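Each value in this text was obtained by applying a stated rule to the coordinates, not by laboratory testing. Predicted, not measured: the structure shown is a model, and the values here were computed from it. Counting neighbours? That spans all protein chains shown, and the Cβs are built from the backbone with ideal geometry, glycine included.
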């Protein structure tokens, strides 16, 4: 007899699409204009979505990731939604 606690559901692969944060999604929720955010893991996944969302709110974003290609791609996306300075390291 198998133990249900040892059984795992199969891992569902995530789509390879870039994460999208709808323009204006967080408008009116809170005001972060003029702030600076360091987003670790900003080169992909949730970190990338957070970096883009912060940029939409007027936050200067610092993207930190070991994946420099992913971080550079996030930086390019951030620069399309804001005129503020952003950087990667």
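Some points to look at:
- Relative to the current alpha-carbon distance between residue 36 and residue 80, full extension at 0.36 nm per residue lengthens the span by 14.1 nm.
- Working from Cα pairs under 8 Å separated by at least six residues, relative contact order for region 36-89 is 39 percent.
- Cα gyration tensor, region 36-89 - rounded (a/c under 1.5), prolate or oblate: prolate
- Least to most buried among 32, 75 (fewest other Cβ within 10 Å first): 32, 75
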